[in-house]
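What follows is a short report on a single structure.
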Amino acid sequence: MGKIFGRYLKGDRTIWLVVFFLSAISLLAVYSSTGTLAYKYYGGNTSHFLLKQLGFLIFSLVVVFIAHLISYKVYYPFSTLLMGISIPLLLFTLVFGTQLNEASRWIEIPGLGITLQSSDVAKFSLVLYVAKVLSQYQKEPINLKQLTFKLMLPIALICVLILPANFSTAVLVGITCWLLMFVGRVKLRHLLGFTGVGAMALAILILVALQFNTIKRVHTWKTRIESFASSENDESNYQVEQSKIAIATGGIFGKGPGKSTQRNFLPHPYSDFIYSIIVEEYGWIGAIGIIMLYMILLYRAALIVKKSKRTFPALLAFGLALLIVLQAFVNMAVAVNLIPVTGQPLPLVSMGGTSLFFSSAAFGIILSISRTQSKKELFDGEEPVEDNN
Amino acid sequence: MSLKLQTDRHFVVSGIVVLVLLTIVIKLFYIQVIDSRYKFSAQNNVLRYVTQYPVRGLIYDRNGKLLVSNKVVYDLLVVKRLVKSFDTTEFANLLDISTDQVREAFTSLKKQRGYSSRKAMVLLKQLPVDVCNRFREQLFRYPGFELQPRTVRKYERHIAAHMLGYVGEVDENTINNNSYYQLGDYIGISGLEKTYEKELRGKKGVNIYMVDVHNRIKGPYENGKFDSVAVEGKNLETTIDADLQEYGEKLMVNKIGSIVAIDPKTGEVLAMVTSPSYDPSLLVGRERAQNFMQLQTDSLKPIFNRSIMALYPPGSTFKVVNALIGLQEGIVHPYTQYSCAGGYTVGRGVGCHIHRSPINLTEAIEMSCNTYFCHVFRNIIDNPEYGSVEEGLNVWRKHVESFGYGHKLGIDLPNELGGIVPSTSFYDKYFRKGGWSSLTIISLAIGQGELSATPLQMANLVSTIANRGYYLTPHIVKSIGDSLSIDEKFSQMHRTTIDSVWYNYVIEGMDMAVNCEPGGGGTARIAALPNIRICGKTGTSQNPHGKDHSVFFAFAPKDDPKIAISVYVENAGFGATWAAPIASLMIEKYLTDSISRPYLENYILQANLLNRRGKTK
């Protein structure tokens, strides 16, 4: 192992281990939870989804591997360009995208038959862009005008474009950017000021949207929030109810791998509610384990920020880590009914193409940054980062 | 470049993240360990528990006549998801209800506790058999609907509503406190149905089926290994004589009050009439709620079980108790004479009717002389042996309570009241300590004042006298199921504090009250029967509601008592006018199963004594 790490897998070993563990869990959980799908569409051929997910995971590991070899500096000049691509892409999706649960989130890449969730591209680009802009304003603090035009407006634009199709992703991206700016030394009073403006805009938007109840998506949000707020045993609470049953029957040690029964009752047990299935099969221990893996990722990212002598890679690594970790938390929070139902996959664990691709890319970039960093630090005569966790 | 500020800030960010995390972990722990609800629901996903409702036990009278049985009705269940659109009018016609009722049923369906469109929920309750047979033929046209048989009470004779009680659906409170009951189960709410709920209800069974994700039954779970069979409820054999009960209720029509008849040798209640009453079958089926409301708002309170809950002043019937206490305490001798010239004149005074004078104790009971018992009562309370009025009242009270007054007797019916026997502390509070004397409380001498008892207690008192000094706790159930034994407390003998020898003098007085020569002064000669020696005591008790209550209690035959009875008619007038003839008819009916005095019967049947409230004599 040590040799492999030293020779081929460079960068933070702990983060590599996180990637491997999450992939392994993903394979087990997806295989277990796709049973019903397999019977429904593939005549009981359960290995179909096993092989499919295995393929996805090998692909994603390749992505991580390649991304971690590419120097982060490559992204720096591209970030503005990526933003330029994201905006028309989002617009295109809004208008022509494939409808899934009445949310146009997906576009098909012609010829390849691959669907792409444009918000994944957009949030990735945005974090890159914000990291870049912030790194330009470290010596002299950013002033209000620059802040407004260079950061706030682009962020707002992306969020608003994501919002109609995917409310929770918009909020998630917004929070990530906010935290990134907070770490990136934007004045707190400016940040709070913009937060206030943003919140008011959002409130007005929701009020207006509620007037036009004809927009089906608005209706979905409304019922989801209503069913979250009411304690009634309603049909629309079915998912949450079944999710809680899964969690409750898991107990401390769980039912054991592949022994979930709730997978037959939970809608999307392989993506949105995969956390519930993991808790059911691996118990409280498994639940804490998953949380710990994401926490370790965040901790290692924070170490990169601490050690880094440059701002761009530090902010990029932290931003990407935040993106992953926050999304994981949203997925878990839905499973335990802390927030209304929303479809955020569990990064690197849930079944699915683009989400997996972008999570892997994010991991790869973080690893790339840590690789460069540790090399340099070695060069400076410092100790390499040790994995003690 | 300085990253100092940055690091500070990133700790803030990490802090927030850790906080979010902790919330998730706590919530997980809550769902897994603290909240046990979801563990049970897990099984409900794959297993469907179909309850097998047992048949409720039957209730018989003392001669094996059926009082309460069961009939089958059906609840209409619906699995909302499976329902296809249908013609509401046709559906309503088929079920013999209005289209509005159908719509209303569907709207309220969703408000039910634990509603799910995948589960069978009750849409309409207690549909009669003929309607359901018609509907079943068409059931194939209505996917998602099914009929579930339930049994409800059927009353073979429309009597004894208060005593039998009624059955209804369990309330939320009971479900939360008793794991046996589930939503929609039936439970005894009052009367025998409540007391003997455990015996009558039997035990529910359950059939467990495997269901698929769409809640379709796939077959029995583990070949029915865990199924349990419903156990029928046990039958009750009561002590009631259905014919006597029915006759009593007939006599009490258009009168307010109560009749309680007891077999003194066993404490078995032969009849317990409360009037006004209602037909027990009103509280069965779909109209139950509506009928109940109507009964509840009736100004004559037909639901109120007067026999065990009404607190009446016992009036002159209580004189026998004071006589016995006086004899036991040596304050009065059977031949002690007092003269009476129209009343007791000390203090405020107590009036009396005209009779010969002077008289001894037996005659005083025969003629119900107020003056005599004022003397006796004051001598008890003021007996110098006790040292004080307070101690005197304590001695008196102890004796009174030994007759079953002032506390619940413990009959096998819910909500029995215990009546009131005033204590020293009561008077200390009412007047002030030392502010009262035997003269202040002189009303107790003639069963008035702060004294009150239920009709059951009065019947029990006369039963005690018939037994010459003891009683067995009155009870209504003789045997449960196949076992012949009932609660031991019903075969326990309760002795009074009065020696049995003294009873003969009192009984002599009660005998003479009924059976004296014409012109002898007996107050209850109207109750006399040629072949049966009835011993009785009248009472005419004053009350703040209007005309005096008419009271009479008696037992018969004198030498071998088979029935002890108390009759209480509210605001009717003299005890001898109404209560005594009613008791006499009841005794004759029970002992001879015939009525020899149709004129007396007619006189009672035709009397309407309802509207005498608020009028003074």
TODO: Would you compute, from DSSP H runs of 4+ residues alone, the mean residue ellipticity of the protein assembly as shown at 222 nm, taking -39500 (n - 2.57) per run and dividing by the full residue count, rounded to the nearest 500?
DONE: -15000 deg cm²/dmol
Open item on the list: For a Förster distance of 51 Å, can you work out the FRET efficiency between the beta-carbons of B:Asp96 and A:His48, rounded to the nearest 0.05?
Closed with: 0.40
Task: Averaged over B:29-35, number of beta-carbon atoms from partner chains that fall within 10 Å - done: 6
TODO: Excluding B:Tyr470 itself, calculate the net charge of residues whose Cβ lies under 13 Å from the Cβ of B:Tyr470, where each Lys or Arg counts +1 and each Asp or Glu counts -1.
DONE: +2
Task: Radius 15 Å from Cβ of B:Asp560, net charge of other residues (Lys, Arg +1; Asp, Glu -1) - done: +2
- [ ] Compute the signed sum of charges (Lys and Arg +1, Asp and Glu -1) over the other residues within less than 12 Å, Cβ to Cβ, of B:Ser316.
- [x] 0
Task: Shielding by partners, peptide A:252-264 (average Cβ within 10 angstrom, other chains) - done: 1
TODO: Please state the charge dipole magnitude for the stretch B:49-238, taken about the Cα centre, from unit charges on C-beta atoms (+1 on K and R, -1 on D and E), reported in debye and rounded to the nearest 20.
DONE: 320 debye
Task: Sorted peptide list for B:337-346, B:22-31, criterion being average Cβ within 10 angstrom, highest first - done: B:22-31, B:337-346
Task: Within the protein assembly as shown: Cβ-based charge dipole about Cα centre, in debye rounded to nearest 20 (Lys, Arg +1; Asp, Glu -1) - done: 4680 debye
Open item on the list: As a test of the definition: with a 1.4 Å probe, what buried accessible area, both sides summed, do you compute for B against A, in Å² to the nearest 100?
Closed with: 3700 Å²
Task: Residues A:Lys309 and B:Asn176, FRET efficiency given R0 of 56 Å [Cβ-Cβ distance, rounded to 0.05] - done: 0.30
Open item on the list: As I understand it, the dipole of chain B uses +1 on the Cβ of Lys and Arg and -1 on the Cβ of Asp and Glu, about the Cα centre. Which of B:Gly575, B:Tyr471, B:Leu417 lies farthest toward its positive end?
Closed with: B:Leu417
TODO: From other protein chains only, count the Cβ atoms within 10 Å of every residue's Cβ in A:301-307, then give the mean.
DONE: 3
- [ ] Could you tell me how many degrees, from 0 to 90 and to the nearest 10, lie between the Cα long axis of helix B:579-592 and the main elongation axis, the longest principal axis, of the Cα atoms of chain B?
- [x] 80 degrees
TODO: Please report how far the C-alpha centroid of the stretch B:428-453 lies from that of the stretch B:75-93, rounded to the nearest whole angstrom.
DONE: 68 Å
- [ ] Rank B:Leu283, B:Thr317, B:Met293 by how far each Cα sits towards the positive end of the charge dipole of the stretch B:277-321 (+1 on Lys, Arg Cβ; -1 on Asp, Glu Cβ) and give me just the farthest.
- [x] B:Thr317
TODO: Calculate how steeply helix B:288-297 sits against the longest principal axis of the alpha-carbon atoms of chain B, using the helix alpha-carbon long axis, and give the answer as 0 to 90 degrees to the nearest 10.
DONE: 40 degrees
TODO: Go through B:Ala120, B:Leu164, B:Ile175 and say which Cα lies farthest out towards the positive end of the charge dipole of the stretch B:49-238; charges sit on Cβ, +1 for Lys and Arg, -1 for Asp and Glu.
DONE: B:Ala120
- [ ] Only Lys, Arg, Asp and Glu count, each charged at its Cβ (+1, +1, -1, -1), so figure out the dipole size of chain B about its Cα centre, rounded to 20 debye.
- [x] 2260 debye
Open item on the list: Please give the Cα centre distance for the stretch B:505-565 versus the stretch A:354-372, rounded to the nearest Å.
Closed with: 106 Å
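The values are calculated or read from the model by the stated rules, or taken from the named source; none is laboratory data. Values in this document were obtained by computation on a predicted structure and should not be read as measured data. Glycine also receives a Cβ, built like all others from the backbone with ideal geometry; neighbour counts cover every protein chain displayed. With ligands, DNA and RNA removed, areas are computed over all heavy atoms of the protein, side chains included. Shrake-Rupley method; radii C 1.70, N 1.55, O 1.52, S 1.80 Å.
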